[in-house]
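**Q** Dumping the structure here so I can ask a few things about it.
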Amino acid sequence: MPGASTPRVKAVCFSSSELCITSHTGSTTGQGRSFTINCSGFGQPRVEPAVLDSMLSRKAFHPVISLEVRVQVNISFTTAILDVDEQLQLMTSFLWLEMVWDNPLIRWSPEECEGIRKMSVLARNLWLLDIFIVEFTEKEKTPRGLTAFVSNEGHIQFKKPMKVPSLCNLDIFYFPFDQQNCTLTFCSRLYTADNLILGMEKEVWEMAAASQNIVPVHGEWKLLSITKATPKLSTDTHLHDQIVFYVAIKRRLRFYVLHLLVPSGLLVAIDALSFFLPTENVNLTPFKTALLLAYIVFLLLMNDLLLLPFGGGPLISVYFALCLSLMVTGLLETICITHLLHLSPTPPPPVPHRLHSLLLRRPGPGEAALLHPAHGNQGPGQSRACLPGLKEPGEPEPSGCPESGGARREQEVVELWVRFGHLMDTLLFRLYLLFLASSLVSVIVLWST
């Protein structure tokens, strides 16, 4: 017919391997070139694989027979969490990325190729999608010499391993009971939504199950789930297809519970049990000081495990601060009572009226002299040699001592301060128990949820 051109057929044959590749150039508008591979001698050992690879090197063109047709590339991956840096807000993971697409320009007959329906081809000789991860923080380092599987119908399957350090918004307020949700966004720089469709090769639950079973990692973090979203990326004048994967991870708790919570709780519990020791007979100051120093050394040793990001500390730091405050308060209370009862060179001062009325009991008519003793009760020549030693509050006074009345008042003042010390010990002990119980309940609730 006039105006119609006849299709041209070019055949290239290699006699050494009897491999023929025929190129058909069509005249229809919008059609490109297709290669039909005739590999009648493919089973012979003299076949050079590079010959086949060179015939498939059309990587400069995306595989379509018409510019109106979009290429669909399905992706999936298997992942393993290697490390999470809370201070740098980075998640390092290993990805085994899989991309699958169809190349309509590649065809061959299995009957003419020794029944072969799939073969491996060097990936550098194929068109590959310029897919990238938006959260990637380093230059991608893809291993060399990767191959892809090509079927006789042009179905291509390509896998590549990747070490991906990616940005992740980490919230460690509930450390070590925290769960994180990091994103991995796959997109193409070159191809817009008019040329490319990004799809899923596997469902997200299949990807999560494969990641948990095939790539078990017994590290600090474990994979919980993978979900996805498919928003469009809008640039100045174009839209780009992208797939956003949400990778939910959780910290393994056993290490932090055994090395942080249990030692801290034991030290606080020992400090609480020390309130059962009598304050008037035993000087607890060295014991409580040793406990406080041990707790400070424990915090210094565990400083590397405590996360201190720039945006604020975790809730566990408040727990440690409360533990330290309780131990310091108990030590100060012990020092005050010990100083009044054992170390003071003068008799204990009288109990203030307000403190007596609020903490102990309201004074009776006979106790007013104990709260505000008269200055004339003790003369300048009185001696403390006849005092009962303050060992037993109920011990009878020696007869004939001229200062027995003053000694009795002094002994009763000591008894009031001892009662005050016991009351303070009781209040602090209950505060310790309340703190330990609330901490234990919080740990159980956070661990279970």
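**Q** Looking at the range 184-199, which of the residues that are out of contact with any strand residue (DSSP E or B) (no Cβ under 6 Å at 6 or more places or on another chain) and surrounded by 15 or more Cβ atoms within 10 Å (Cβ to Cβ) is nearest to LEU446 (Cα to Cα)?
**A** TYR191
**Q** Would you please list the contacts, defined by Cβ atoms under 8 Å and residues six or more apart or on different chains, that run from a residue in the range 428-445 that is more than 14 Å from TYR319 (Cα to Cα) to a residue that is at pLDDT below 85 and part of a helix (DSSP H, G or I)?
**A** If the second residue must be at pLDDT below 85 and part of a helix (DSSP H, G or I), the pairs left are LEU428/PHE275; LEU428/GLU333; PHE429/PHE275.
**Q** Restricting the search to the range 232-248, which residues are assigned to a loop (DSSP other than H, G, I, E, B) and closer than 22 Å to LEU95 by Cα?
**A** ASP241
**Q** Which residues, taken from the range 203-232, are of a type in the set (Gly, Ala, Ser), without any contact (Cβ under 8 Å) to a residue 24 or more places away in the chain and in contact with a strand residue (DSSP E or B) (Cβ under 8 Å, 6 or more places away or on another chain)? Talk me through it step by step, then tell me what you get.
**A** If we filter the range 203-232 for residues that are of a type in the set (Gly, Ala, Ser), which is where we start, we get 208-211, 219, 225, 229.
Filter once more, so that each one left must be without any contact (Cβ under 8 Å) to a residue 24 or more places away in the chain: 208-209, 225, 229.
Hits for the range 203-232 are ALA208, SER225, ALA229.
**Q** Hey, does the range 105-128 have a residue that's closer than 30 Å to LEU224 by Cα and touching a residue at least 12 places away in the same chain (Cβ under 8 Å)?
**A** no
**Q** Here are some residues: PHE149, PHE173, PHE136. Which one is aromatic (Phe, Trp, Tyr), at pLDDT 90 or above and farther than 19 Å from LEU82 by Cα?
**A** Answer to the check: PHE149.
**Q** Tally time: how many residues in the range 99-130 are surrounded by 19 or more Cβ atoms within 10 Å (Cβ to Cβ) and either in contact with a Cys (Cβ under 8 Å, 6 or more places away or on another chain) or outside the structural domain of PHE245 (by TED's automatic domain parsing) (or both)?
**A** Matching residues across the range 99-130 total 2.
Yes/no matrix, rows are residues, columns are (1) over 16 Å from TYR432 (Cα atoms); (2) touching a helix residue (DSSP H, G or I) at 6+ places or on another chain (Cβ under 8 Å); (3) among the charged types (D, E, K, R):
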{"residue": "PRO231", "(1), (2), (3)": "yes, no, no"}
{"residue": "THR235", "(1), (2), (3)": "yes, no, no"}
{"residue": "LEU239", "(1), (2), (3)": "yes, no, no"}
{"residue": "VAL262", "(1), (2), (3)": "no, no, no"}
{"residue": "GLY265", "(1), (2), (3)": "no, yes, no"}
{"residue": "ALA269", "(1), (2), (3)": "no, yes, no"}
{"residue": "SER274", "(1), (2), (3)": "no, yes, no"}
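**Q** Taking the range 196-230 only, how many residues are closer than 23 Å to ASP83 by Cβ and part of a strand (DSSP E or B)?
**A** Total meeting the criteria: 7.
**Q** In the range 274-316, which residue that is hydrophobic (A, V, I, L, M, F, W, C) and at pLDDT below 80 is farthest from LEU416 (Cα to Cα)?
**A** Across the range 274-316, the extreme among qualifying residues is PHE310.
**Q** Scan the range 232-260 residue by residue and report those that are surrounded by 14 or more Cβ atoms within 10 Å (Cβ to Cβ), closer than 23 Å to THR185 by Cα and not charged (D, E, K, R).
**A** LEU233, HIS240, GLN242, ILE243, VAL244, PHE245, TYR246, VAL247, ALA248, ILE249
**Q** Being within 38 Å of the chain's Cα centre (by Cα) and under 14 Å from ILE75 (Cα atoms), is that true of even one residue in the range 106-128?
**A** There is at least one residue in the range 106-128 that is within 38 Å of the chain's Cα centre (by Cα) and under 14 Å from ILE75 (Cα atoms).
The values are calculated or read from the model by the stated rules, or taken from the named source; none is laboratory data. Computed from a prediction, not measured in an experiment: that's the story for all the values here. Neighbour counts are summed over all protein chains in view; Cβ atoms, including those assigned to glycine, are modelled from backbone coordinates with ideal geometry.
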